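What follows is a set of notes on a single structure, which appears directly below.
Readers should treat all values here as calculations from the given coordinates under stated rules, not as data from a laboratory. As the structure is a computational prediction, the values presented were derived from the model and not from experiment. So basically every Cβ, Gly included, is an ideal-geometry build from the backbone, and we count neighbours across all protein chains shown.
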Amino acid sequence: MKTIDKPVIVEQTFNTSIHRVWDALTKLDEMKTWFFNAIESFVPEKGFETEFVVQVENRTFTHLWKITEVIPGKKIVYNWKYKEYPGDSFVTFELSNHNSNTKLKLTTEVIEDFASNIPEFTRESCENGWNYFIKESLKNYLELNR
């Protein structure tokens, strides 16, 4: 993904409360179930930093996250990059009431180009990854853990 790309936006409505979705997005034990089981620590506080490793084939992706904004129950923003590769982005999770449900809007915005020779850094891979995490993994998790 490049800085000239439009942000990737994924939206999903869940048949549960904002509080329930917020917990799934911010509690370590829940995040490890639907998001990345390699996450070792997470605190939804501005300035919190964490890193964890994900292996894909013969490539290592050390995720570097720094929380840059938190509005409890409404919004959390990560600065998201990787130790081994150039590139930098912000990922924003925003929650809102939608009738008696909760709407999640996820936005990924690139602020420094990612390497174009890495398959995981294509726009298609980013879109597919977020669609999987939000519309499948998180949705299924919330439906099974009400």
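Give me a comma-separated list of calculated 3J(HN,Hα) values for the range 22-32, in order, Karplus coefficients 6.51, -1.76, 1.60 applied at θ = phi - 60°, integers in Hz, x for any Gly or Pro.
4, 4, 5, 7, 10, 9, 3, 4, 6, 4, 5
Counting other beta carbons within 10 Å of each Cβ, put Thr33, Thr108 in order, fewest first.
Thr33, Thr108
Do any trypsin sites (Lys or Arg not before Pro) in the range 1-85 lie in a DSSP loop with no more than 15 other beta carbon atoms within 10 Å, and if so, which?
Lys2, Lys27, Lys46, Lys74, Lys83
If each of Ala38 and Thr60 carries a label point 7 Å out from its Cα toward its Cβ, how far apart are those two points in nm?
About 1.0 nm, to one decimal.
Modelling each spin label as a point 7 Å along the Cα-to-Cβ direction, I'd like the Arg123/Ser17 distance in nm, to one decimal.
4.0 nm
Please report how many Lys pairs in the range 1-118 have alpha carbons closer than 20 angstrom, counting only residues at least 8 apart along the chain or sitting on separate chains.
27
Could you quote the convex hull projected area for the range 8-144, Cα atoms only and averaged over all directions, in nm²?
Taking a quarter of the hull surface, the average projection is 7.8 nm².
At a threshold of 8 angstrom on Cα-Cα distance, excluding pairs fewer than six apart, so keeping six or more, what relative contact order does the range 25-146 reach in percent?
The value is 15 percent.
May I ask for the net charge around Asn145, where only other residues with Cβ less than 12 Å from the Cβ of Asn145 are counted and Lys, Arg are +1 while Asp, Glu are -1?
With Lys, Arg at +1 and Asp, Glu at -1, the net is 0.
For the range 1-81, would you read off the P(r) tail past 19 Å as a percentage of all alpha carbon pairs?
Looking at the range 1-81, the distances longer than 19 Å represent 47 percent of pairs.
Using a simple spin-label model with points 7 Å from Cα along the Cα→Cβ vector, what separation in nm is obtained for Arg146 and Ile9?
3.0 nm
Local charge sum around Ile39 (other residues, Cβ-Cβ under 12 Å, Lys/Arg +1, Asp/Glu -1)?
-2
Please give me the summed charge of the neighbours of Asn128: other residues whose Cβ is under 12 Å from its Cβ, Lys and Arg +1, Asp and Glu -1.
Around Asn128, the charge tally is -2.
Using a Förster distance of 22 angstrom, determine the FRET efficiency expected from the C-beta separation of Glu49 and Tyr85, and round it to 0.05.
Result of the calculation: an efficiency of 0.75.
Where nothing but the Cβ of Lys and Arg (+1) and of Asp and Glu (-1) is charged, how large is the charge dipole of the range 8-144 around its Cα centre, in debye to the nearest 20?
420 debye
Can you put Tyr82, Tyr141 in order of Cβ neighbours within 10 angstrom, beginning with the fewest?
Fewest to most other Cβ atoms nearby, the residues stand as Tyr141, Tyr82.
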